[in-house]
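Working notes, beginning with the structure itself.
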Amino acid sequence: MNPALAQRPNHPVFRPSPGAGVPECFIANGRSGQRVLVAVHGISRNAAEIATRFATHPAFADVTIIAPLFTREDYG
């Protein structure tokens, strides 16, 4: 697991794109072996805020939150 994810589990960590066609994203509550929720933003492009809100809600304490960032430049 990424050490940055373990230091502050509710705080989303930015993960750059690993390659063409794969969006950058914010990851919160990142722990292996647990369920994953992919939370997609709207036109406000507030991926970090969405990841934070889900990660801090008690119902999602044991869920890895992935919020991809679809930039206007890359995705329109």
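The numbers here are math on the coordinates, done by the rules we state, and not lab data. On a predicted model such as this, the values are computed, not experimentally measured, just so you know. With ideal geometry, Cβ positions are generated from the backbone for all residues, glycine too; neighbour counts draw on all protein chains shown.
Backbone amide hydrogens, once placed in the peptide plane, bring L69 within less than 5 Å of E24, C25, F26, excluding anything fewer than 5 places away on its chain.
Taking other C-beta atoms within 10 Å as the exposure proxy, R35, R15 rank R35, R15 from fewest upward.
Of the peptides 16-22, 40-46, the order by per-residue mean of other Cβ atoms within 10 Å, starting with the highest, comes out as 40-46, 16-22.
The alpha-carbon atoms of the chain define a convex hull whose volume equals 85 cubic angstrom per residue.
At full extension, S32 and N10 could sit 6.4 nm farther apart than now, given 0.36 nm per residue minus the alpha carbon distance.
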